[in-house]
């Protein structure tokens, strides 16, 4: 059987109420304060009643608010609701409180009834909210600054592309033309060798410019462009490219393995470019006394070009970064090293076709770099993903 709680005297209930209660004169002088309010402020009732005004407990900003808002509102509308102010405790520290007040008038005497609630949690939340807003504003400002910086860099990159494509290609064309004219003259074997070296240097420089332009285009977000067309025979495109590469690497053997037959859809010029980059990589890092094997394959739904070389295997940790820009899979010294864009360009060409590039390397089997593409050309979805991934 439950028992009802004993009744609480009204005066005791007010003294121990879970909020501060105050009764002040019209000028703010305390006429009565409850025990809860005194405990929160660390002050005795005797030190407040008849001696201190409510506004005397406020901070300087609070006193200004009391004069400009609090008192006029009480006078005009008879009440003030949920106003947060800081009151000064007996030890000089501040305590945030939310206050409500009503104006009463009896027999011509005006008094104010006030109720106060400690707002430490609310005050902390508001402070955290302000700090979060400040952090957000700083983050937005930093983002705007970084975006402006990125735009400046993009503009500089576009300008550099113009310089590379015009100011460097034109001198190379002039050198190539001069070499061609000199080769038509009767020359000694030593002079022919010098011209051959000059021609090879021009070819390497032109390839480097092409790689730089493709790299810039890919990094600026457009992705490498491809002109897909129907190719009657993939093996013919690969064979013609190998014939050209054999002139560049006369001291190395390049073997061609053909698998499958039939037409496919791709950009033949880009296929020749990626094969050139794959063979160049194999020549730079493969064993010089073994042939480089190029395998072109045509399956029902895909085509592939694989380039194999013997030599030092690529570390597994390096294989994951093989197709990233400015990276190499080995530390072996080679005079044919590039700046590390060749395999990145290969990967981007593969992506532009809706395909992919991969590497397999071990001490027993050597290294094989393979590009696999859809036989019937890239889908719109693959092209969209390629452009997005290049951003």
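The values are calculated or read from the model by the stated rules, or taken from the named source; none is laboratory data. Given the structure is predicted, the values throughout are model-derived calculations rather than measurements. Note that each Cβ is placed from the backbone with ideal geometry, even for glycine, and that neighbours are counted across all protein chains shown.
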Just one of 267, 243 is under 33 Å from the mean Cα position of the chain (by Cα) and in the same structural domain as residue 363 (by TED's automatic domain parsing); which is it?
-> 267
Condition met for residue 188 (surrounded by 11 or more Cβ atoms within 10 Å (Cβ to Cβ) and modelled with pLDDT of 75 or more) | no
Right, residue 72: at pLDDT below 90 and either part of a helix (DSSP H, G or I) or over 15 Å from residue 86 (Cβ atoms) (or both) or not?
-> no
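Just to verify a result, which residue in region 12-32, among those that are under 59 Å from the mean Cα position of the chain (by Cα) and closer than 15 Å to residue 52 by Cβ, is surrounded by the fewest Cβ atoms within 10 Å (Cβ to Cβ)?
Across region 12-32, the extreme among qualifying residues is 28.
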Just checking, which of 50, 61, 92 is at positive phi and under 54 Å from the mean Cα position of the chain (by Cα)?
-> 92
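Report whether or not residue 101 is in contact with a strand residue (DSSP E or B) (Cβ under 6 Å, 6 or more places away or on another chain), at pLDDT below 90 and either surrounded by 10 or more Cβ atoms within 10 Å (Cβ to Cβ) or closer than 22 Å to residue 24 by Cα (or both). Full working, then the answer.
Numbers: in contact with a strand residue (DSSP E or B) (Cβ under 6 Å, 6 or more places away or on another chain): yes; at pLDDT below 90: no; either surrounded by 10 or more Cβ atoms within 10 Å (Cβ to Cβ) or closer than 22 Å to residue 24 by Cα (or both): yes.
No.
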Scope region 218-230; condition at pLDDT 85 or above and surrounded by fewer than 18 Cβ atoms within 10 Å (Cβ to Cβ); matching residues = 227, 229, 230
